[in-house]
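Here the structure comes first, spelled out in structure tokens, and everything after it is commentary.
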Amino acid sequence: MHPLDLGLVIAQQTTPGGAAPSAMPSFLFLILMIGAMWFLLFAPQRKKEKEHRKLVDGLAAGDEVLTAGGIYGEITSVRPDRFIVRIGDNTKVEIGKSFIQGVVKKANEGKGDKK
């Protein structure tokens, strides 16, 4: 096909008398892309937050934990918004619940395993 013929075809399709193409498919595609990105970015974060909340809610006095700062310690007391953690002999610190990174050992582990 000659380039001039292609130009005539395009000109005929975009004449004012013809129906204008709808913007709805482009809009729907944009909405679907935003929805997919939202799902891919925020769903894993929510799952991680839910797992951390479950971990923190399951902690009790006697559990050994690792803080976000890399400090290992044993929980001695639980308060509504923080833990009292013993990190050494005669050394206790108050740590916000959100700063607990993981559990090293639960208090009830090891009991009953002795032979």
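The values are calculated or read from the model by the stated rules, or taken from the named source; none is laboratory data. Bear in mind that the values here come from a model prediction, so they are computed numbers and not experimental data. Cβ coordinates were reconstructed from backbone atoms using ideal geometry, including for glycine residues, and neighbour counts include every protein chain displayed.
Summary of values
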read-out	value
Residues being touching a strand residue (DSSP E or B) at 6+ places or on another chain (Cβ under 7 Å) and either in a loop (DSSP other than H, G, I, E, B) or under 13 Å from Val103 (Cα atoms) (or both) - total across the range 53-80	17
Among the residues listed as Leu41, Leu66, Leu55, Leu59, the single one being at pLDDT below 90 and under 26 Å from the mean Cα position of the chain (by Cα)	Leu41
All positions within the range 53-96 that are surrounded by 14 or more Cβ atoms within 10 Å (Cβ to Cβ) and in contact (Cβ under 8 Å) with a residue 40 or more places away in the chain	Leu55, Val56, Leu59, Asp63, Glu64
Test: residue in the range 26-48 that is loosely packed, with under 13 Cβ neighbours inside 10 Å, without any contact (Cβ under 8 Å) to a residue 60 or more places away in the chain and within 21 Å of Lys105 (Cα to Cα)	yes
